[in-house]
1. How about the chain: what cysteines have no other cysteine beta carbon under 4.7 Å from their own?
2. Rank the residues L49, L89 as a footprinting-exposure proxy: fewest other Cβ atoms within 10 Å of their Cβ go first.
3. Taking 4 °C and 1.567 mPa s as the conditions, I'd like the Stokes-Einstein D for segment 2-104 in µm²/s, using the Kirkwood hydrodynamic radius from alpha carbon pairs.
4. Would you list I16, I94, I9 from fewest to most Cβ contacts within 10 Å?
5. Tell me, what ³J(HN,Hα) does each residue in segment 14-25 have, in order and in whole Hz, if you take phi through Karplus 6.51 cos²θ - 1.76 cosθ + 1.60 with θ = phi - 60° and put x for Gly and Pro?
6. Give the shape of segment 51-98 as rounded, prolate or oblate, defined through the alpha-carbon gyration tensor: a ≥ b ≥ c are the square roots of its eigenvalues, a/c under 1.5 means rounded, and otherwise the shape is prolate if a/b is larger than b/c and oblate if not.
7. Specify which residue in the list C64, L49, Y83 is farthest towards the positive end of the charge dipole of segment 44-89, using unit charges on the beta carbon of Lys, Arg (+1) and Asp, Glu (-1), about the Cα centre.
Amino acid sequence: MKNTIKSRIDPEKKTIEIMIQMYCKNFHNPENRFCLSCLDLFKYAEKRLKYCQFGENKPTCKKCPIHCYKPDMREEVRKVMRYAGPRMLYSHPIMGFRHLLNKFKK
């Protein structure tokens, strides 16, 4: 079961990492991977994913019945996803398409 959880959570970690990198590069720090606030956001998201109580059955955060993000962090992630989500289809097409498909899963 642990391998299944790992296989479900790891791609989500990578997706949010790429999305935050894209957002940070455009709005905050074009020269480095993350500015401090984006690094904090990534670490927070990574921790939330690691301890998600749904594990392998994790829904997308938007459809989750339990919102484990603090409201301010949730709004920050929303901003990142609104910016990076559509652009993922061009810069990381497989990851972007997978992220898009997960929105439609039950």
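1. Flagged as lacking a Cys partner: C35, C52, C61, C64, C68.
2. Placing the least packed residue first, the sequence is L89, L49.
3. Here the translational diffusion coefficient equals 93 µm²/s.
4. Exposure proxy ranking, most exposed first: I94, I9, I16.
5. Couplings: 5, 5, 5, 4, 5, 4, 5, 4, 4, 5, 5, 4 Hz.
6. Here segment 51-98 falls in the oblate category.
7. Result: Y83, furthest along the dipole toward the positive end.
Laboratory data are not the source of any read-out in this text; all were calculated from the coordinates shown. In this text the structure is predicted, and so the values were computed from the model without any measurement. With ideal geometry, Cβ positions are generated from the backbone for all residues, glycine too; neighbour counts draw on all protein chains shown.
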